[in-house]
Every structure is written in C-alpha cells, then in structure tokens.
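The values are calculated or read from the model by the stated rules, or taken from the named source; none is laboratory data. On a predicted model such as this, the values are computed, not experimentally measured, just so you know. Ideal geometry is used to build each Cβ from the backbone, glycine not excepted, and the neighbour counts take in all protein chains shown. Please note that ligands, DNA and RNA were not included when accessible areas were found on the heavy atoms of the full protein model with its side chains. Shrake-Rupley method; radii C 1.70, N 1.55, O 1.52, S 1.80 Å.
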Amino acid sequence: SAADQVSGAASLANSDVIESEDRRAGSERKGQIDEAEMRSLQERLPDHIDDFAGCGLRRGIHVRNPVTGKLCPEMARDWTWESVKHGVMLFQVNRASIKVCPPLVIEDDALIEGIRTLGDALEAVIRS
C-alpha cells in the first residue's frame, strides 16, 4: 500500500541521516555525558536516589524514601510531575523509578541542564 511505501522511504531516509551525520558516535558521547551527570545527581541527592541504570541516553532512576530506605513509587510520581513543572519531560511508570529518554539530537548543554534541573525538581519535592 502507499502507506507502507511512505513509511519504508521514511525509515531509509532516517537511516541515511544516522549514518551520514555519524549519530552513533554522537550518541555514545552523549551517553558518557549523561552517565557522568547522573552520577553527580546521585551524589547530590544520595538519600533519595537509590541507583540509576540504562545505557546511552535511556536511563531509569530508582527513588527511595530516605527515612525507610525502601524504594518509593510515590516520591517517583511526585518527582516526575515536579520535573515537568520545571520543563523536563519524564516517564513515570507507577513504580519507584522514573524513565529519562532525551532525544538523540539534544545539544550537550541542554542535556546537562536537563539533568541538573532534575535535581532542582527533586529538591523541590523534598522541601514540600
């Protein structure tokens, strides 16, 4: 069908851009920036961020209650909404984690700013 041809052409064009602009190398570099910033975020808020996991630009951040030490879905939910108020879009999955997945085309400074803003948002949740 025509729709199959259009989606096929779009997929090939996307592959061409990824290859011609060397997006894989950029993704690896951005993944290293992301990992370093996530570590800084965990060091900034060690009582609330239990761990983070993922690769490249896809990360899950596991959130815990600092009083009980247990994973805390409620805090993850509150952090998600506060992050959105701060301008950072996240995925909340009704678990004690949030999902971070910025676009591959994000500029380095915007990636760093976004992760640091996550910390500001979590601090706002802690204060409330």
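Observations
- Mean Kyte hydropathy of 0.0 or more with a Cα span along the axis of at least 15 Å, helices from DSSP in the chain: 2-20, 108-127
- Sparse packing (at most 15 other Cβ atoms within 10 Å of the Cβ) combined with a DSSP loop state is found for the following GluC sites (Glu not before Pro) in the stretch 70-128: Glu107.
- Surface composition of the chain: carbon plus sulfur atoms contribute 52% of the solvent-accessible area (1.4 Å probe, protein chains only, all chains present).
- The trypsin sites (Lys or Arg not before Pro) of the stretch 70-128 that meet both conditions, a loop assignment by DSSP and at most 16 other Cβ atoms within 10 Å of the site Cβ, are Lys70, Arg95.
- The chain: translational diffusion in µm²/s, Stokes-Einstein, Kirkwood Rh over Cα pairs, 25 °C, 0.890 mPa s: 155
- Only helices enter the 222 nm calculation for the chain: every DSSP H run of n ≥ 4 contributes -39,500 (n - 2.57), and dividing by all residues gives -19500 deg cm²/dmol, rounded to 500.
- Relative contact order, whole percent, for the stretch 34-128 stands at 28, derived from Cα pairs under 8 Å and 6 or more residues apart.
- Modelled FRET efficiency - R0 25 Å, Glu35 with Val84, Cβ distances, 0.05 increments: 0.60
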